[in-house]
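The values are calculated or read from the model by the stated rules, or taken from the named source; none is laboratory data. Because the structure is predicted, anything quoted here is derived from the model rather than measured. Neighbour counts are summed over all protein chains in view; Cβ atoms, including those assigned to glycine, are modelled from backbone coordinates with ideal geometry. Each accessible area value is taken on the protein alone, full model and side chains, heavy atoms only, with ligands, DNA and RNA left out. Shrake-Rupley method; radii C 1.70, N 1.55, O 1.52, S 1.80 Å.
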Amino acid sequence: MSDSTVRIGLVLPDVMGTYGDGGNALVLRQRLRMRGHDAEIVNISLAEPVPNSLDLYTLGGAEDSAQRLATRHLQRYPGLQEAAERGAPVLAICAAIQVLGHWYETSSGERVDGVGLFDVTTSPQDKRAIGEVSTIPLIPGLSQPLTGFENHRGGTKLGGDATALARVTRGVGNGVGDQLEGVVQGSVFGTYMHGPALARNPEFADYLLARALGVDSLPPLDLPEVTQLRRERLRA
Ligand code: GLN
């Protein structure tokens, strides 16, 4: 590893990583390597503190009990919060949105204090949201529809300091009736989309990488199979 190696933190894959969410870190690493950067994934398990020095971070979804373990760990070792404070990009999938909020209520009605990186709160919806979700991004720098697979009971309400990632055209998204999907606050991005999200949405992957590298944009990659995957997903 050299000083210029881009280090991608895969946070708590032992408890947060349903539906292949760990693949987001693989996509980020591969898109860096294809452009000639050295890049590595740093797995951060429940057995160790969360380092604050990495270039970007990803967290996956989880079921309620695993989610609670992760919440406790992130509160005890605030490396992720420190990294976000200095502007390192963070991608939080599904349960990770809930964990990074002020609090969330589990399906059994227990309220758990979150990490407080997102000005959001999460309570169970009447019905679990399961299925394909398609959206139009709402943030400058993203223009392509974002798609994924959602499976969550929690519905997430945005407070004044958080904005949505996207507007829902198919599916449920944040699930509180405002047709919004995901969360953006500073350099921290959340989405309910599994998939893994970045394999299905390469523009979003490059957006996070550009932020991590401190550049406006990255040279495009010509990857016919990725384009084909996107076309198939959008058609579906
Ligand atoms: N346990 C959470 C919920 O149901 C998150 C589930 C997930 O990450 N897939 O809302």
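Here are the numbers for this structure:
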read-out	value
Note, ³J(HN,Hα) from phi for the stretch 211-216, Karplus 6.51, -1.76, 1.60, rounded to Hz, x at Gly and Pro	5, 5, 8, x, 10, 6
Å² of accessible area per residue within the chain, as computed with a 1.4 Å probe and no ligands counted	44
Relative contact order (%) - the stretch 133-227, alpha-carbon pairs under 8 angstrom, separation at least six	26
Two-decimal log10 I(q)/I(0) for the stretch 33-78, as the Debye equation yields it once each C-alpha is a single scatterer, q = 0.22 Å⁻¹	-0.86
Spatial separation of Cα centroids for the stretch 19-91 and the stretch 139-173, in angstrom	20
Relative contact order (%) - criterion: Cα under 8 Å, at least six apart; region: the chain	19
Calculated [θ] (222 nm, deg cm²/dmol) that DSSP helices of n ≥ 4 give over the chain, each run adding -39,500 (n - 2.57)	-8000 deg cm²/dmol
Apportionment of accessible area to carbon and sulfur, the stretch 1-133, percent (1.4 Å)	46
Computed over the chain, Cα set: Rg, Dmax in Å	16.4, 50
Packing rank of 18-30, 95-107, where each peptide gets the mean count of other beta carbons within 10 Å, highest leading	95-107, 18-30
Potential extension, Q75-S107 segment - 0.36 nm per residue separation minus Cα distance	9.4 nm
Segment R33-L229, extension gain: residue separation times 0.36 nm, minus the distance between their alpha carbons	68.5 nm
